[in-house]
Amino acid sequence: MVEAQKWTRRMSNPRLDTAATADDHVLDIPTTPTSEVRNGIYTFGSLLTPNLLTALIIASWFMSNTGVLLLNKFLLSFYGYRYPIFLTMLHMLSCASYSYIAINFLEIVPKQHILSKKQFFKIFALCAIFCFSVVCGNTSLRYIPVSFNQAIGATTPFFTAIFAFIITCKMESVKVYFALLPVVFGIVLATNSEPLFNLFGFLVCIGSTAARALKSVVQGILLTNEAEKLHSMNLLLYMAPMAALILLPFSLYNEGNVARITLEKAKTDSFIILLLIGNATVAYLVNLTNFLVTKHTSALTLQVLGNAKAALAAFVSVMVFRNPVTMTGVTGFAVTIMGIVLYSEAKKRSKITTY
């Protein structure tokens, strides 16, 4: 007796044949390799999982934000480079140069153009406030520790609520205003117990914090038109050179010819050039990582990370510069951070109830 043989129809797909059994021969066709695999090319991003990439971006954000504070403090207070306006101008020139490369060559974001004189003057107004904020912040680092600087800087939401009410008559919920009470109480505690308290440093740091809050409110008013809204990286591209031009006459008048002084110093100490280039580069990385964190997470995550950064920068500065702290000061800083967290939660809940 001859055993019957099993056959499958030609040009048929056994996987789709309901009558196919395990004895049928099934051909597994491999997937077509990508061009990167065929050519042996692998990009850095393709070798990372999304979670690992996000973790690296957040780590870079922490390092750049903490690094620029520590470098500014080292240059202005310990290295003897007492030119905060010129240093800020270098930051702006660095941001303008790197932004041009990132947008025009690397195409990180699509390039946007200024469409009208009206839009130009709006950006210029924001730029003036931005200059004041950054110069005051850098100047304060000459006189007060980074830890105290960060404690004051954490009160930005308090000033934002005040300016929003004064300029736009916008009222927040009662819970939001109550959440700001620990912010104020904490900074009062930290101020009263700061061993290295300096009145001028304290006042310019308050000015920097208030100007940063004012900029966020004014930006929300001036750039409300969809046609005039600029991506954060494009806004930096246009604001940075404007800021450098605004700061140049102030630097020349208040600090003298710092470029000549720096070149003279570099003849005996070439390390100053490396320090300034590194400092200016890290200043741009702060803006770049802000954008990347928002892109890969959310604006709320960036806000939460900002609170954690303030605590980390304060801790690292104490470890590096050995500035004295008191238990009351640490408690005041902790209360301020707790108030910021409560404020963020209250704001989020008020928006949900509004919708």
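The values are calculated or read from the model by the stated rules, or taken from the named source; none is laboratory data. What you see is a predicted model, and the numbers here were worked out from it, not measured in a lab. So basically every Cβ, Gly included, is an ideal-geometry build from the backbone, and we count neighbours across all protein chains shown. With ligands, DNA and RNA removed, areas are computed over all heavy atoms of the protein, side chains included. Shrake-Rupley method; radii C 1.70, N 1.55, O 1.52, S 1.80 Å.
Can you run down the residue pairs with Cβ atoms below 8 Å, 6 or more apart or on separate chains, where the first is in the range 101-121 and under 13 Å from Met239 (Cα atoms) and the partner is β-branched (Val, Ile, Thr) and open to solvent by less than 50 Å² (accessible area, probe 1.4 Å)?
Matching pairs, first to second residue: Ile114/Ile123.
Residue by residue, here is whether (1) open to solvent by 40 Å² or more (accessible area, probe 1.4 Å); (2) within 17 Å of Met89 (Cα to Cα) holds:
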| position | (1), (2) |
| --- | --- |
| Ala244 | no, yes |
| Leu247 | no, yes |
| Thr262 | no, yes |
| Phe271 | yes, no |
| Leu285 | yes, yes |
| Leu292 | yes, no |
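Which is of a type in the set (Val, Ile, Thr), surrounded by fewer than 16 Cβ atoms within 10 Å (Cβ to Cβ) and either touching a strand residue (DSSP E or B) at 6+ places or on another chain (Cβ under 9 Å) or not in a loop (DSSP other than H, G, I, E, B) (or both), of Val335, Val316, Val320?
Val320
Determine which member of the set Lys265, Lys348 is at pLDDT below 90, farther than 23 Å from Asn192 by Cβ, basic (Lys, Arg) and assigned to a helix (DSSP H, G or I).
Lys348
Suppose the filter is touching a Lys or Arg at 6+ places or on another chain (Cβ under 8 Å) and surrounded by 15 or more Cβ atoms within 10 Å (Cβ to Cβ); does Leu222 pass it?
Criteria met by Leu222.
Name the pairs whose Cβ atoms lie under 6 Å apart, with the first residue in the range 65-93 and in contact (Cβ under 8 Å) with a residue 60 or more places away in the chain, the second of a type in the set (Phe, Trp, Tyr) and in a helix (DSSP H, G or I), and 6 or more positions between them or separate chains?
Close Cβ pairs satisfying both conditions: Ile85/Phe250.
In the range 74-104, what count of residues is obtained for those that are among the hydrophobic types (A, V, I, L, M, F, W, C), within 21 Å of Ser251 (Cβ to Cβ) and open to solvent by less than 50 Å² (accessible area, probe 1.4 Å)?
10
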